[in-house]
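Take a look at the structure set out below.
The values are calculated or read from the model by the stated rules, or taken from the named source; none is laboratory data. Every value quoted in this text rests on a predicted model; they were computed, and no experiment measured them. When we count neighbours, we look across all protein chains shown, and the Cβ atoms used for this are built from the backbone with ideal geometry, even at glycine. Heavy atoms of the whole protein, side chains included, go into the accessibility calculation; ligands, DNA and RNA do not. Shrake-Rupley method; radii C 1.70, N 1.55, O 1.52, S 1.80 Å.
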Amino acid sequence: MRTTIRLAAAVAALLTAATLAHAQDKVVRIYNWSDYIDESILEDFTKETGIKVVYDVYDSNEVLETKLLAGNTGYDLVVPSGNFLGRQIQAGVFQKLDKSRIPNWKNLDPKLMAEAAKYDPGNEHAFIYMWGTTGIAYNVDKIKERMPDAPVDSWKLVFDPAIVAKFKDCGIMMLDAADDLIPIALNYIGEDPDTKDPKVIAKGAAVLEKVRPFVRKFHSSENINALANGDICISVMYSGDAGIAATRAEEAKNGVSIEYRIPKEGALLWFDMMAMPKDAPDPENAYAFMNYLLQPEVIAKSSNAVTYPNAVPASYALIDEEVRNNPNLFPPEELKKKLFVVTPYDQKVQRAVTRMWTKITTGG
């Protein structure tokens, strides 16, 4: 009898352990940009699938890349920008996606995915999570006070030292992103923004060095609240982040009015791509999350929250009109002609760019 009881207890313990182990397996670990999802998506996904989401954030591609190249990130899904994705694919850090396990892949815009294929041939490793532009956001009243005829539709606003100097007192921020800012500066001076020649790249860096004394800080996430609170008056930033800042200012009713412009000289078009690291702990749960996210009604929630376009056209009717109808957030075809993309630097050129950028940001 005692043997039977002991045996039953042992079986029960094993079953409990197996159940706990199974429960622990129901996790997907995601590493994404800060302020870059509607958190109800994570909660609803868990309710629907029983898969818990562990969600961490970063605010620069360099931080993500360092983790990926070191290996053993512990994440199932990450969201690098396209030009970084291309280099990381070459480094072998991502696994090819089995599209048969993502039925909602069919919802993706083939034209946009063809653009993204410049970084990921055949779209084998990733899909577009969000896309947007890098342009200029500004505090309407503070700019008007200091310079009524300020060229808010031109990169002169931040690259012409004589103009930038007028706004030093009210605060200027720029992204901490060499791969955005230097190509933009090159395009501004009429050089190829996608050049891989360090001597030409240095010309773009020189543009930034000249205005460095007037820039308060280089940061890729603090600019949102700084602009929304009226702590700064100009920020070179991502289009959707400008939209978030405008929304936060409106909700706070603090009298801050923010606008975002794609400058007339053109702007950088970028894609943030969702990909699975080669050593992802739970690929099955990652596939479940990707397929869930690509439903039009789900991805629309993120576009509404972060004010960026996604790559699922069927979701656009579900996006708030003030976001969807803003040409600087959802550029029409005519404006898209002014946009440009950049492809990855190789490691040697990237090191040169990093040195230039460090000199710019530190003022050294």
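Take LYS111 and decide whether it is at pLDDT 95 or above and not hydrophobic (A, V, I, L, M, F, W, C). No, not satisfied. State the number of residues belonging to region 329-347 that are assigned to a loop (DSSP other than H, G, I, E, B) and either modelled with pLDDT of 95 or more or open to solvent by less than 50 Å² (accessible area, probe 1.4 Å) (or both). Residues that pass the stated criteria total 8. The number of residues in region 165-195 being open to solvent by less than 40 Å² (accessible area, probe 1.4 Å) and either over 21 Å from TYR260 (Cβ atoms) or touching a Pro at 6+ places or on another chain (Cβ under 9 Å) (or both) comes to 10.
Run down ILE143, ILE128 and say which single residue is open to solvent by less than 10 Å² (accessible area, probe 1.4 Å), β-branched (Val, Ile, Thr), under 23 Å from ASP35 (Cβ atoms) and not in a loop (DSSP other than H, G, I, E, B). Exactly one of ILE143, ILE128 is open to solvent by less than 10 Å² (accessible area, probe 1.4 Å), β-branched (Val, Ile, Thr), under 23 Å from ASP35 (Cβ atoms) and not in a loop (DSSP other than H, G, I, E, B), namely ILE128. Considering only residues that are over 29 Å from ASP153 (Cα atoms) and either outside any helix (DSSP H, G or I) or open to solvent by 50 Å² or more (accessible area, probe 1.4 Å) (or both), which ones fall in region 297-311? Matches in region 297-311: GLU297, LYS301. Is it true that some residue in region 287-296 is in a strand (DSSP E or B), of a type in the set (Gly, Ala, Ser), touching a residue at least 24 places away in the same chain (Cβ under 8 Å) and open to solvent by less than 40 Å² (accessible area, probe 1.4 Å)? Among the residues of region 287-296, not one is in a strand (DSSP E or B), of a type in the set (Gly, Ala, Ser), touching a residue at least 24 places away in the same chain (Cβ under 8 Å) and open to solvent by less than 40 Å² (accessible area, probe 1.4 Å), which makes the answer no.
Would it be correct to say that ASN326 is open to solvent by 30 Å² or more (accessible area, probe 1.4 Å) and either among the charged types (D, E, K, R) or not in a helix (DSSP H, G or I) (or both)? Yes: the conditions hold for ASN326. Within region 214-245, take every residue that is without any contact (Cβ under 8 Å) to a residue 40 or more places away in the chain and part of a helix (DSSP H, G or I) and give me the one that is least open to solvent (accessible area, probe 1.4 Å). Ranking the candidates gives ALA228 first. Restricted to region 28-46, and to residues there that are assigned to a helix (DSSP H, G or I) and within 19 Å of ALA280 (Cβ to Cβ), the residue that is most open to solvent (accessible area, probe 1.4 Å) is THR46. Only one entry of ASP76, ASP120, ASP98 meets the criterion of being among the acidic types (Asp, Glu), at pLDDT 95 or above and either under 29 Å from THR362 (Cβ atoms) or open to solvent by 30 Å² or more (accessible area, probe 1.4 Å) (or both), and that entry is ASP98.
If we keep just the residues of region 58-73 that are under 18 Å from ALA286 (Cβ atoms) and assigned to a loop (DSSP other than H, G, I, E, B), which is most open to solvent (accessible area, probe 1.4 Å)? Only one residue fits best here, namely ASN72. Restricting region 74-112 to residues that are assigned to a loop (DSSP other than H, G, I, E, B) and in contact with a helix residue (DSSP H, G or I) (Cβ under 7 Å, 6 or more places away or on another chain) leaves a set whose member that is nearest to GLN295 (Cα to Cα) is ILE102.
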